[in-house]
């Protein structure tokens, strides 16, 4: 599985936008970019995924670079409940291989 | 839908004892995954099943670990004998097949079982 690189931690203030970056320079043509997050003391939960085009859903937006070597998860207005570890995962099989993720802190 | 159900939520046992963790996937999901999470190693995939058949058990740490899925609504992860280094949070997840247009191909995780081996 191709590897992703994310910052260990990021901070944001409540109600501000948050841009969580992910580098995946060895991505293959069949790899989908998935994002999951894990709230404290809970199991991971799906956030969003995409292949080439930018994607939007009720939780977030996913911006994918034209060369697909990087992507950015965008939380449009961070809330305290968005404090979590965010995982960027490349997937082309049934499996999810989790890295270390980015720990997002949100301040009131 | 109740989501993925795991039991027990917490388990404390002594070294050498047998431990059985249980999982009920979401009804209709034909994939089931077992993960382990520790501070040192993060989230690791242990094994996964498709239609009750184990597909990939390459993440199972050693022979002390075994997993079964006797039917579509139940799976167990057993550790025998347990050791202190097995202490972790064990998650079960289920999903529809990759490429399914329902649920965006996502895995749904249970709340986890926190295992402490003394």
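Structural remarks
- Stokes-Einstein diffusion coefficient of chain B, Kirkwood radius over Cα pairs, 4 °C, 1.567 mPa s, in µm²/s: 91 µm²/s
- Averaged over the residues of peptide B:107-117, the number of Cβ atoms from other protein chains lying within 10 Å of each residue's Cβ is 3.
- For segment B:23-63: relative contact order, % (alpha-carbon pairs under 8 angstrom, 6 or more apart): 30 percent
- Neighbour-count ranking [beta-carbon atoms within 10 angstrom, fewest first] of A:46, A:87, A:32: A:32, A:46, A:87
- Estimated FRET transfer efficiency (residue A:57, residue B:63; beta-carbon r; R0 45 Å; 0.05): 0.60
- Fewest-first sequence of B:10, A:24 by Cβ atoms within 10 Å of each Cβ: B:10, A:24
- Calculated FRET efficiency for the pair residue B:74/residue A:3, C-beta based, R₀ 30 Å, to 0.05: 0.30
- Shielding by partners, peptide B:86-96 (average Cβ within 10 angstrom, other chains): 1
- Computed from the alpha carbon atoms alone, the convex hull of chain A holds 90 Å³ per residue.
- The mean count of C-beta atoms from other chains within 10 Å of the C-beta of residues in A:35-48, rounded to a whole number, is 4.
- For the protein assembly as shown: Kirkwood Rh in Å [reciprocal of mean 1/r, alpha carbons]: 18.3 Å
- For chain A, relative contact order (Cα pairs under 8 Å, six or more residues apart, normalised by length) works out to 37 percent.
- Ascending count of other beta-carbon atoms within 10 Å, so fewest first, for A:58, B:36, B:85: A:58, B:85, B:36
We did not get these values from a lab; they are worked out from the coordinates using the rules stated. Remember, it's a predicted structure, so these values are computed and weren't measured experimentally. Counting neighbours? That spans all protein chains shown, and the Cβs are built from the backbone with ideal geometry, glycine included.
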